[in-house]
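The values are calculated or read from the model by the stated rules, or taken from the named source; none is laboratory data. As the structure is a prediction and not an experimental result, all values here were calculated from the model. With ideal geometry, Cβ positions are generated from the backbone for all residues, glycine too; neighbour counts draw on all protein chains shown.
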Amino acid sequence: MSDEARWGAGVDPNTPNLARMHDYFIGGKDNFAADREAAEAVLAIAPEVRVMAQEHQAFHVRVIRFLVEQGITQFINLGSGLPSDLNTHELARSHTPDARVAYVDTDPVVLTHGRAILARGPRTTVVKGDVMHPAALLADPGLRKVIDLDQPVAVLLFAVLQYIPDDHDPYRRVAELIDALPAGSHVVITHVVFDSRPEIAEPIVQLYRKMLGHTEGGARGREEVLPFFDGLELVDPGLVYVREWRPDSPFASGPPDKAWVLVGVGRKVT
């Protein structure tokens, strides 16, 4: 099978891609040499990134279970990335068979794979969109076929906001998204921070600037991530390192700040 048939038209195998790099970090095979080279450059600075990706996957399992326990049966996975062994619709339906999931991304690689692998059946869809255009996203006919915005929904923003510079006003866009959600909805945010590893912040940021073509933006710390939850009630245990968020066992993980991903779940009360 040609690369174009497998990945979709217009895919450049010589340019690193965030979704394919993440696939490499978690041990997947949907990546090119350029993705592996870029990922290894990140790992050379911060070898713990591979473990952090695995911890993030484990959080995905826990948070979907929690959300279903709160009565959530529909999910918008925003910036969903490539399909994996732990897809949101599969996790949700292991707890509630009628769960409905909309996967959202702008990456043509992700959209091609998602539509081929995930969008099977009337309760799962894959649509093009992003957090920077919340009104257009929530009005998308494909999304609205699956998601009822008169009922509570969980929006998953997994490792999305960390790549959007402040100059692009992501705080306002997230606020607009939250305003459009019905009461009882939940917003899940995960975000890399460098509070415990300040010495590697600039080298990592420079790598990703180069890959994303940004000249602006920098690392955020916990105090810069917290305002994304404005208008929401943070559920216990709040905004914490990924290993600290409702672990299945207190003995199941290492020091919290060695996996420097902050995670939080906010509930919209009114």
Please specify each residue of segment 102-136 satisfying the condition of being within 14 Å of Ala180 (Cα to Cα) and either touching a Cys at 6+ places or on another chain (Cβ under 6 Å) or surrounded by fewer than 21 Cβ atoms within 10 Å (Cβ to Cβ) (or both). Val131, Met132, His133, Ala135, Ala136
Can you tell me which of (1) over 22 Å from Leu161 (Cβ atoms); (2) in contact with an Asp or Glu (Cβ under 8 Å, 6 or more places away or on another chain) is the one Leu82 doesn't meet? (1)
Tally time: how many residues in segment 208-223 are surrounded by 17 or more Cβ atoms within 10 Å (Cβ to Cβ) and among the aliphatic types (A, V, I, L, M)? 2
Long-range neighbours under 6 Å by Cβ, at least six apart or interchain, first residue farther than 15 Å from Leu207 by Cβ within segment 39-55, second crowded, with 16+ Cβ neighbours inside 10 Å and among the β-branched types (Val, Ile, Thr): Met52/Val261; Ala53/Ile26; Glu55/Val242
Can you name every residue in segment 176-222 that is closer than 30 Å to Ile147 by Cα, of a type in the set (Ser, Thr, Tyr) and either part of a strand (DSSP E or B) or at pLDDT below 90 (or both)? Thr190
Step by step: first the residues of segment 229-270, then only those that are among the acidic types (Asp, Glu), in a loop (DSSP other than H, G, I, E, B) and touching a residue at least 40 places away in the same chain (Cβ under 8 Å), then the one that is farthest from His60 (Cα to Cα). Which residue is that? Asp230
Could you identify the single residue in Val205, Val235, Val240, Val193 that is closer than 18 Å to Val155 by Cβ and among the β-branched types (Val, Ile, Thr)? Val235
Members of segment 175-220 that are touching a strand residue (DSSP E or B) at 6+ places or on another chain (Cβ under 9 Å), free of Cβ contacts under 8 Å to residues at least 60 places away in the same chain and not basic (Lys, Arg): Leu177, Ala219
The condition from (1) within 25 Å of His56 (Cα to Cα); (2) in contact (Cβ under 8 Å) with a residue 24 or more places away in the chain; (3) of a type in the set (Val, Ile, Thr) that Val146 misses is numbered (1)
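Residues checked against (1) within 28 Å of Ala41 (Cα to Cα); (2) at pLDDT 95 or above; (3) crowded, with 18+ Cβ neighbours inside 10 Å; (4) touching a Lys or Arg at 6+ places or on another chain (Cβ under 6 Å):
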{"site": "Pro165", "(1), (2), (3), (4)": "yes, no, no, no"}
{"site": "Val174", "(1), (2), (3), (4)": "no, yes, yes, no"}
{"site": "Tyr241", "(1), (2), (3), (4)": "yes, yes, yes, no"}
{"site": "Ala252", "(1), (2), (3), (4)": "no, no, no, no"}
Single match in Arg120, Arg115 (criterion: part of a helix (DSSP H, G or I) and more than 25 Å from Gln70 (Cα to Cα)): Arg115
Condition check: on the phi > 0 side of the Ramachandran plot, in contact (Cβ under 8 Å) with a residue 24 or more places away in the chain and either of a type outside the set (Phe, Trp, Tyr) or touching a helix residue (DSSP H, G or I) at 6+ places or on another chain (Cβ under 6 Å) (or both). Does Ala159 satisfy that? yes
Which ones in segment 139-171 are assigned to a loop (DSSP other than H, G, I, E, B) and among the polar types (S, T, N, Q)? Gln151
In this structure, is Gly71 buried (at least 16 other Cβ atoms within 10 Å of the Cβ) and assigned to a loop (DSSP other than H, G, I, E, B)? no
Boolean, Leu226 is out of contact with any helix residue (DSSP H, G or I) (no Cβ under 6 Å at 6 or more places or on another chain) and surrounded by 13 or more Cβ atoms within 10 Å (Cβ to Cβ): yes
Name every residue in segment 180-217 that is closer than 21 Å to Val263 by Cβ, polar (S, T, N, Q) and more than 18 Å from the chain's Cα centre (by Cα), in order of residue number. Ser196
